[in-house]
1. Can you say whether D187 is touching a residue at least 24 places away in the same chain (Cβ under 8 Å), closer than 25 Å to L69 by Cα and surrounded by fewer than 18 Cβ atoms within 10 Å (Cβ to Cβ), as far as the supplied structure shows?
2. What number of residues in region 177-202 are assigned to a helix (DSSP H, G or I), in contact with a Leu (Cβ under 8 Å, 6 or more places away or on another chain) and more than 11 Å from C214 (Cβ to Cβ)?
3. Name the residue that is farthest from Y39 (Cα to Cα), counting only residues in region 73-110 that are away from the ligand (no atom under 12 Å from the Cβ) and β-branched (V, I, T).
4. Taking the conditions exactly as written (surrounded by fewer than 19 Cβ atoms within 10 Å (Cβ to Cβ), closer than 21 Å to K97 by Cβ, among the small types (G, A, S) and out of contact with any Ser or Thr (no Cβ under 6 Å at 6 or more places or on another chain)), does G28 satisfy them or not?
5. Right, L113: loosely packed, with under 14 Cβ neighbours inside 10 Å, within 16 Å of the ligand (Cβ to nearest atom) and closer than 28 Å to V25 by Cα or not?
6. Out of region 59-74, which residues are small (G, A, S) and either in contact with a Phe, Trp or Tyr (Cβ under 7 Å, 6 or more places away or on another chain) or buried (at least 18 other Cβ atoms within 10 Å of the Cβ) (or both)?
7. Taking the condition surrounded by fewer than 22 Cβ atoms within 10 Å (Cβ to Cβ) and touching a Lys or Arg at 6+ places or on another chain (Cβ under 7 Å), does I118 pass?
8. Please tell me if E49 is surrounded by fewer than 18 Cβ atoms within 10 Å (Cβ to Cβ), in contact (Cβ under 8 Å) with a residue 24 or more places away in the chain, more than 8 Å from the ligand (Cβ to nearest atom) and more than 13 Å from the chain's Cα centre (by Cα).
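Readers should treat all values here as calculations from the given coordinates under stated rules, not as data from a laboratory. These figures come from a predicted structure and were not determined experimentally. All Cβ positions, glycine included, derive from the backbone under ideal geometry; neighbour counts span all protein chains shown.
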Amino acid sequence: MTNREFDFLKEHFSGEELERAKERVENGEPLAYVIGEWYFWDQTFLLNEACLIPRADTEHLVEHGLKRLKKGYYFADLCCGSGCIGITLLKHTENTKCLFADISQKALDMAKLNAQRIGVLERCEFVCANIKDNSSFLNRQFDVIFSNPPYIPTNVIETLETVKHEPKIALDGGEDGMDFYRLLINDYLPLVKEGGSMLLEIGYDQKEAIEELCQCSVYRDYGGNARVAVIDK
Ligand SMILES: C[S@@+](CC[C@H](N)C(=O)[O-])C[C@H]1O[C@@H](n2cnc3c(N)ncnc32)[C@H](O)[C@@H]1O
């Protein structure tokens, strides 16, 4: 364990609890799950084992989103996990409302708790749904749709040490990693109002594949990797 990890643990635990937490980290469990929260944008988000750990990479989606969200906009965070994207956007915009959807009720419970903690709960709606069936969304029109969907190709997941403690359902993007992008573009882009946008986090090597699916602008992160695709209607 690094000194930095130990400092985090000491901020959260003492005595026997600290010893147990140390053991979990030494056994390879991510620090974020052990302390039960992680850092994203300007605050922390509570986590349980059903939530992907929020990544700094995803802050780029928020950065581009903040440029597009106007006062009073209604937007969606599809595949919301801990709610880190939508909640951050609500916190930093005026009179906006967000629909959060995830297939995992446990993740959605955590998103609700985070929304309450951060003071935006009254502007949130939560739907536990498999987005592969878009029937619960058809009567809605959004100004903007955001999604950081699962996008790792199925056969690559097992090879990645960094994600081995995270829920597979949060990672698995199908054979080529593109299943959710095809779905979002075919079934959800029609729910975005004319003049609105869809903003998607993508994998560093998915620029060409997303450009084949739709006309979009792809933005890079500070490391020079393709990270956000924006489809303007
Ligand atoms: C990559 S994680 C992103 C979580 C969060 N938005 C973030 O950026 O940290 C993808 C999320 O999609 C959810 N998910 C996976 N398959 C889904 C489906 N068919 N319908 C709805 N949500 C799904 C997972 O439960 C997980 O929370």
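1. yes
2. Result for region 177-202: 2.
3. Top of the filtered list is T96.
4. no
5. no
6. Listed by number, the list holds a single entry, G65.
7. Judged against the criteria, I118 is a match.
8. On the way: surrounded by fewer than 18 Cβ atoms within 10 Å (Cβ to Cβ): yes; in contact (Cβ under 8 Å) with a residue 24 or more places away in the chain: yes; more than 8 Å from the ligand (Cβ to nearest atom): yes; more than 13 Å from the chain's Cα centre (by Cα): yes.
Yes.
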